[in-house]
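Enquirer: Before I ask anything, let me first share the structure, which is written out below as structure tokens.
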Amino acid sequence: MSRYNAREVEPKWQKAWEDAQVFRSIIDRSKPKYYVLEMFPYPSGRIHIGHGRNYVMGDVVARFKRAKGFNVLHPMGWDAFGMPAENAAMEQKSHPAKWTYANIETMKSQLKLLGLSVDWSREFATCDPGYYKHQQKMFLDFLRLGMVARKESNVNWDPVDNTVLANEQVVDGRGWRSGALVEQRKLTQWFFRISDMADELLTAIDGLDRWPDKVRLMQRNWIGRSEGARVTFTLTDAKHTSLEIFTTRPDTLFGASFCAISPDHPITQDLAKSNKKLVDFIAECKRTGNTAAAIEAAEKLGFDTGLRAKHPFIAGHSLPVFVANFVLMEYGLGAIFGCPAHDQRDLDFARKYNLPVIPVVVPTGEDAKTFSVGTEAFTGEGLLANSDFMNGMTVEDAKKDVIAKLEGRGIGKKTITYRLRDWGISRQRYWGCPIPIIHCLSCGPVPVPDRDLPVTLPEDATFDLPGNPLDRHPTWKNVVCPTCGKPARRETDTMDTFVDSSWYFARFCDAHAEGPTNPEAVNYWLPVDQYIGGIEHAILHLLYSRFFVRAMKKAGHAGLSEPFAGLFTQGMITHETYKDQDGKWLFPEEVEKRDGLALKRGTNQAVAIGPVEKMSKSKKNVVPPEAVADTYGVDAARWFMMSDSPPERDSEWSEAGIDGAWRFVQRVWRLVEEALPKLPGFGSSKPDSFSKEAIAIRRIAHRTIDLVSEDLEKFRFNKAVARIFEFINALSEFTPRSDSDQWAMREALEALVMLINPMVPHLSEECWRLLGATTMAVHAPWPKADPALTKVDSVTLAIQIDGKRRDEIELPKDLPAKAAEEAALAREGVLKAIDGRVIKKVIIVPNRIVNIVTEQK
RNA sequence: GGCCCCUUGGCGGAACUGGUAGACGCAACGGACUUAAAAUCCGUCGUUCGCGAGGACGUGCCGGUUCGAGUCCGGCAGGGGCCACCA
């Protein structure tokens, strides 16, 4: 009896797969294609087991589909541009490229350790000029087609690091690295005009039927469609004669008591030229941070411009126009009318500045004459009042009516507004894809001609100072204008790294294509049939990719609109956290558990066990894959990752859990090894008849094939694992006595070895070989269940008396209701439970339950 | 503040469309084997009453619909997620 030695077996099979180039994919139209992709990693250093779940899940799907006869594409690459590389370069006085490629090398060997069925011939990093040159080409294509804009926008500016910060890099109003108070600045930036596609991106969500509802909802909310109206107010001012506002509640127009415009509104800006106090007010508005807490605490502030707006329906009535800190220039028209009775912000504002509060929608059951609003605005349904021609209407009818009247008079229009803003892609950073533009004083921004692509990053940049190394490079940015030949300046901003990840899945279809994509390959492989990644990308990455593929279609680089037909968002791997007595984080391997106490290994120092959290480098609650592979083997790790929790939920990594998985691996090996000596040879012919026991085990085997196949199909890995355990339990109890029993045992073991193959491929190969196969399990087809053996012919029904379970009965499947009723009523226990009461009715659910309802005394 | 989701034994979790709650695994406990340990094997394992057969209770809490509710509806509590001054 030998023990299964994962340390020897796993590298052996990995090499065999590689030597045979098993996972190399080519276009093969004789089979259905299946593209499975995990969100590609950022090469941050080393991977830990927490990263592994994502790739293992994809690998299980890839191996399962391959066995089922699909032509599978399962590639891997690197999302390699980004700030951490630049920060590391600053700290280590090195170069981002050096750091990045070194990390890629480390992480690639770590990933290979997991035994992934990846076609490595398609590997690339987004920082390869061979990748980003195509991105530059597409940027220019999009520019020509009007999908790129250059415009001014407000950005978070870190005055110490001299760079723009993303919103998530601003913590409590300060830069996350420098700690400096972040300023709002206006910068001219490049944008992808994603908002032009808002409606299309929104309606197409309905068709993404293999995406989680949660993600679809998040995308819908992010796009944020609102129906409303734009209304033009006439101003009583010689210079500024009108003001256009957006509202979703035109029905409340008669409750208007003021208008408010954004500090960034053109009228505000114009008035500020001659009003020092307004300049101060605008500055004050800018100071309020845009953090959640700041917004919560922020007071509504207004500045009376002195302008008055004529009410569109009430002759002689006019409204004051304020500049207000809560009105955003980026949404709608940057101007609103305030109806305090029916909007909380307007109410807060009105109370502060003593403006009238006139209810115009009255909840049912309230009298219009007495209904009033105190400190809480009424935003519910009701009937219109104090509203002239709308009186008595429902909110919905009133909206339609007032919009028709406004349109009739040419002072309003029904409008749909989206929350989605254009995608600003300029970053004042070195380690990103250069934006292929040349700025010429005479010609303006000029595209870099195709023949000059790629615009590559200069290697001799310096990283010792904050700010953009490209901007301070002595020569790189100095070029001549491609149009007029005069001296000009290169664009020194690089692209947001989300651009890089918006089309990598298309590049994988032919990673060596001459153009951005190879149409034949893209049209064959896309869409991605199964995309797998973290929920944290539910909005940005997935929305940007959906936009980008649409743009690629317009530019002729792709033939479809939706890149990801199926999406699965997997949960994280978590682990306990540990701190020593000085409050320093400890790695799990530094902690030893003895007699229920946690101690620092090699000492008697107590360790504080902290909460279970997502594995992360900063909290040191990570487990390196090498350590797991060495002690237990990666199959045990893979099995544990698939068995513990449903895949969409978080899963806690524990020593006990991986121990259990290791025992499973040993148990399968033992089962096969112990049965082997008496089994008939591989491929021996099926006996003519079987014993009762053999038929029973064959039924279980075939039934398990069906159940596990269905579970894997539906991403229910934890249930597939449970089925396999049940199968193994049944096999352990089965003692073959005859030749035909032995044949049934072999059949069951072969099925078992194939069923576990996607999860524990190395163990499967080794058992497959042990069973006498001469080819690899990776080439073997998925087992097929015999319908004659999966058919169930008897079922156990529960018998309820008055809704309580009192008995159960075994009956032939699909027995008519009448017969089932008679059988149930013949049972002694049932009669005893009925206890002589009159039977009122009997409810029979075929093959499930008999419920006898009696007359209650 | 808005929208959404979740809550089942000591733990992870099963339970198809309203039809036998707790599959399977982990942990724990008792036993066998062993000089001993590991490994392995056998058994117990929601709470409670009963010697037993068996009974009562039980899916966060309160109520409803139903012959029947973990599952559907209303309310509450706790936990989590996304967005956030979006007019």
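Enquirer: Does region A:79-132 classify as rounded, prolate or oblate by the C-alpha gyration tensor (a ≥ b ≥ c root eigenvalues; a/c under 1.5 gives rounded; else a/b over b/c gives prolate, otherwise oblate)?
Expert: Numbers: a/c = 3.16, a/b = 1.65, b/c = 1.92.
Judged from the Cα gyration tensor, region A:79-132 comes out oblate (a/c at least 1.5, b/c at or above a/b).
Enquirer: Non-local amide H neighbours of A:GLY392 (under 5 Å, H modeled in plane, Pro and chain starts lacking H): which ones?
Expert: A:LEU384, A:ALA385
Enquirer: Continuing with this model, one more query. Using protein chains only and a probe of 1.4 angstrom, how many square angstrom of A:MET615 are accessible, to the nearest 10?
Expert: In the full protein context, A:MET615 sits at about 10 Å².
Enquirer: Let me ask another. Apply the a/c threshold of 1.5 to the C-alpha gyration tensor of region A:488-606 and tell me whether it is rounded, prolate or oblate. Please report the intermediate quantities before stating the final value.
Expert: Working: a/c = 3.62, a/b = 2.43, b/c = 1.49.
Taking the square roots of the gyration eigenvalues as a ≥ b ≥ c, region A:488-606 is prolate.
Enquirer: If you keep only loop residues by DSSP, which trypsin sites (Lys or Arg not before Pro) in region A:334-371 have at most 11 other Cβ atoms within 10 Å of their Cβ?
Expert: Numbers: sites: A:ARG345, A:ARG351, A:LYS352, A:LYS369; in loops: A:LYS369.
Listed in order of number, the matching sites are A:LYS369.
Enquirer: How far, in nm, would the chain grow between A:GLU710 and A:LEU217 when pulled straight, counting 0.36 nm per residue and subtracting the alpha carbon separation? Present the calculation step by step, with values, prior to reporting the outcome.
Expert: Values: separation 493, 0.36 × 493 = 177.48 nm, distance 2.72 nm.
The A:GLU710-A:LEU217 span can extend by a further 174.8 nm.
Enquirer: Given the whole protein assembly as supplied and a 1.4 Å probe, what does the accessible area of A:CYS443 come to in Å², nearest 10?
Expert: Taking all protein chains as shown, A:CYS443 has close to 50 Å².
Enquirer: Name the long-range amide H neighbours of A:LEU319: under 5 Å, sequence gap of 5 or more, or other chain; modelled H, no Pro or chain starts.
Expert: A:ALA309, A:LYS310, A:HIS311
Enquirer: If you take the alpha carbon radius of gyration of region A:177-261 and divide it by 2.2 N^0.38 Å, what ratio comes out, to two decimals? If you can, show how the numbers build up before the last one.
Expert: Details: Rg = 19.7 Å, N = 85, 2.2 N^0.38 = 11.9 Å.
This ratio for region A:177-261 stands at 1.66.
Enquirer: Output the relative contact order of chain A, whole-number percent, from Cα pairs under 8 angstrom with separation of 6+ residues. It would help to have the intermediate numbers written out before the result.
Expert: Numbers: 1543 pairs, mean separation 112.6, N = 857.
This gives 13 percent for chain A.
Enquirer: Could you give me the ³J(HN,Hα) list for region A:465-478, computed from phi with Karplus coefficients 6.51, -1.76, 1.60 and θ = phi - 60°, whole Hz, x at Gly and Pro?
Expert: 10, x, x, 8, x, 5, 5, 9, 5, x, 10, 3, 7, 8
Enquirer: Another one. Go through A:ILE728, A:GLN742, A:PHE303 and say which Cα lies farthest out towards the positive end of the charge dipole of chain A; charges sit on Cβ, +1 for Lys and Arg, -1 for Asp and Glu.
Expert: Ranked along the dipole, the leading option is A:PHE303.
Enquirer: May I ask for the distance between the Cα centers of region A:474-531 and region A:688-707, given as a whole number of Å?
Expert: Taking the Cα centre of each part, region A:474-531 and region A:688-707 sit 56 Å apart.
Enquirer: Exactly which trypsin sites (Lys or Arg not before Pro) in region A:623-686 are in a DSSP loop and have at most 16 other Cβ atoms within 10 Å? Show your work: numbers first, answer last.
Expert: On the way: sites: A:ARG638, A:ARG649, A:ARG663, A:ARG667, A:ARG670, A:LYS678; in loops: A:ARG649.
Qualifying residues, ordered by number: A:ARG649.
Enquirer: Let me know the charge dipole size of chain A about its Cα centre in debye, to the nearest 20, where only the beta-carbon of Lys, Arg (+1) and Asp, Glu (-1) is charged. Write out the running numbers ahead of the final one.
Expert: Working: 112 positive and 113 negative charges, 178 e Å.
Computed charge dipole of chain A: roughly 860 debye.
Enquirer: Related question: Can you list, bin by bin at 5 Å, the percent of alpha carbon pairs in region A:650-692, starting at 0?
Expert: It works out to 5, 16, 13, 15, 14, 11, 9, 7, 8, 3, in whole percents.
Enquirer: Still on this model: So how do A:5-18, A:539-552 stack up, highest first, on mean other-Cβ count within 10 Å? If you can, show how the numbers build up before the last one.
Expert: Working: A:5-18: 15.9, A:539-552: 21.6.
Output ranking for A:5-18, A:539-552: A:539-552, A:5-18.
Enquirer: Using DSSP to define loop residues, name the GluC sites (Glu not before Pro) in region A:457-537 whose beta-carbon has at most 14 other beta-carbon atoms within 10 Å.
Expert: Details: sites: A:GLU459, A:GLU491, A:GLU514, A:GLU520, A:GLU536; in loops: A:GLU459, A:GLU491, A:GLU514.
Hits after loop and neighbour filter: A:GLU459, A:GLU514.
Enquirer: How much accessible surface does A:LYS399 have with a 1.4 Å probe, in Å² rounded to 10?
Expert: Per-residue accessible area (A:LYS399): approximately 60 Å².
Enquirer: Now a separate question. Report, in whole Å, the centroid distance computed from the Cα atoms of region A:786-834 and region A:385-401.
Expert: 62
Enquirer: Let's test the formula: R0 of 41 Å, r as the Cβ-Cβ distance of A:SER442 and A:GLU284. What FRET efficiency results, to the nearest 0.05?
Expert: On the way: r = 41 Å, r/R0 = 1.00.
My answer for the efficiency is 0.50.
Enquirer: Okay, moving on. Using amide H atoms built in the peptide plane, which far-off residues or other-chain residues are under 5 Å from A:ASP807 H to H?
Expert: Those qualifying (amide H under 5 Å, at least 5 residues apart or on another chain) are A:ILE799.
Enquirer: Can you pull a Stokes-Einstein diffusion coefficient for region A:533-660 at 4 °C (1.567 mPa s), Rh from Kirkwood over Cα pairs, as a whole number of µm²/s?
Expert: On the way: Rh = 17.6 Å.
Estimated diffusion coefficient is 74 µm²/s.
Enquirer: Then there's this: Expressed as a rounded percentage, what relative contact order does region A:83-216 have, with Cα pairs under 8 Å and six or more residues apart?
Expert: Working: 101 pairs, mean separation 22.0, N = 134.
Result for region A:83-216 is 16 percent.
Enquirer: Semi-axes of chain A's equivalent ellipsoid from the Cα gyration tensor, sqrt of 5 times each eigenvalue, largest first, rounded to whole Å?
Expert: Details: eigenvalues 687, 349, 141 Å².
Ellipsoid semi-axes (Å, largest first): 59, 42, 27.
Enquirer: Right, next: I'd like the distance separating the alpha-carbon centroids of region A:240-276 and region A:193-235, in whole Å.
Expert: The distance from the Cα centre of region A:240-276 to that of region A:193-235 comes to 25 Å.
Enquirer: Label region A:591-740 by shape, choosing from rounded, prolate and oblate, from the square roots a ≥ b ≥ c of the eigenvalues of the Cα gyration tensor; if a/c is under 1.5 it is rounded, and otherwise prolate applies when a/b is larger than b/c, oblate when it is not. If you can, show how the numbers build up before the last one.
Expert: Numbers: a/c = 3.22, a/b = 2.19, b/c = 1.47.
Prolate, since a/c reaches 1.5 and a/b exceeds b/c.
Enquirer: Okay, helix-only estimate at 222 nm for chain A: each DSSP H run of n ≥ 4 adds -39500 (n - 2.57), divide by all residues, round to 500 deg cm²/dmol; what do you get? Before the final figure, lay out the partial values.
Expert: Numbers: 27 runs with 300 residues, N = 857.
When only DSSP H runs of four or more count, the value is -10500 deg cm²/dmol.
Enquirer: Next question. Restricting to chain A, compute how many DSSP beta bridges are antiparallel as a %, nearest 5. Mind showing how you got there, number by number?
Expert: Values: 84 of 106 bridges.
Roughly 80 percent of the beta bridges in chain A run antiparallel, per DSSP.
The values are calculated or read from the model by the stated rules, or taken from the named source; none is laboratory data. This is a predicted model, so every value here is computed, not measured. Every residue, glycine as well, gets a Cβ built from its backbone with ideal geometry; the counts of neighbours run over all protein chains shown. For accessibility, only protein heavy atoms count, side chains too; no ligands or nucleic acids. Shrake-Rupley method; radii C 1.70, N 1.55, O 1.52, S 1.80 Å.
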